[in-house]
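Heads up, the thing below is written out as structure tokens.
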Amino acid sequence: MSDIQHNLERIRTEIPEEVTLVAVSKTKPVEELMQAYNAGQRVFGENKIQEMTEKWEQMPKDIQWHMIGHVQTNKVKYMAEFVDLIHAVDSLKLLKEIDKQAKKHDRIISCLIQIKIAEEDSKFGLSDEDAIALLASEEVKSLTHIQIKGLMGMATFTNNEQQIKSEFGGIKRLFDQLQPEYPNLTTLSIGMSADHAIAIASGSTMVRIGSSIFGARNYH
Ligand SMILES: *Cc1c(COP(=O)(O)O)cnc(C)c1O
């Protein structure tokens, strides 16, 4: 058994069955993704549209491709035919473009709203207030080719577990607050290699794990 298959088996024992494991394969070659595929993995996450598209072309068609990175509006068209879930939506403009491109392919594309939960300035995402306003806007409700399925967040990169807990706790509270009004919100995408245990304890339904499966990356 390869390291990748071994890592996958170990991680599967660490996460509950009802939590979706997104194997984050950015920067890794198709041969390594295929090792995960052959071990049964069918959900892969990438953060660059071009790289994801090239892998989609080369790999089996029963894979669900998740775009987990920041999305530039002008690149949505390249993934609209096949992307399964876009994690990091943070503007009306982007939602409208996803809707427009999905329509061309006669699809409904699932999206998550990225919430800014980390202290660092560099992280993308909306404030709670802006996310609430976006969901409530008539313009968003009128878009027929997108479905907003939940929220996504990235905690601060820190060893301070209390801080990570508090950041995940914040997005979980927002998720619980929104759910009664928006029953389609069923996905809470929080947790990466270093913090997935805290994320799962905080109510994650989807973890995005890269380096613990595929090993360290040389570049981002
Ligand atoms: C790279 C990346 C991950 C996975 O990170 P690891 O620490 O390698 O598990 C998860 N989410 C996003 C948004 C990423 O860009």
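The values are calculated or read from the model by the stated rules, or taken from the named source; none is laboratory data. Everything numeric in this text was worked out from a predicted model, so none of it was measured. Here Cβ is always computed from backbone atoms with ideal geometry, including for glycine, and neighbour counts include all displayed protein chains.
Tell me whether the range 177-184 contains one or more residues that are away from the ligand (no atom under 14 Å from the Cβ), at pLDDT 95 or above, surrounded by 19 or more Cβ atoms within 10 Å (Cβ to Cβ) and not acidic (Asp, Glu). For the range 177-184, residues away from the ligand (no atom under 14 Å from the Cβ), at pLDDT 95 or above, surrounded by 19 or more Cβ atoms within 10 Å (Cβ to Cβ) and not acidic (Asp, Glu): present. If you check LEU92 against the conditions, is it at pLDDT 95 or above and more than 13 Å from the ligand (Cβ to nearest atom)? Taking the combined requirement at face value, the residue satisfies it. Residues in the range 199-216 that are over 13 Å from VAL19 (Cβ atoms) and more than 7 Å from the ligand (Cβ to nearest atom) were compared, and the one that is modelled with the lowest pLDDT is ALA216.
Residues that are of a type in the set (A, V, I, L, M, F, W, C) and farther than 19 Å from THR187 by Cβ within the range 12-51 comprise VAL30, LEU33, MET34, ALA36, ALA39, ILE49, listed in sequence order.
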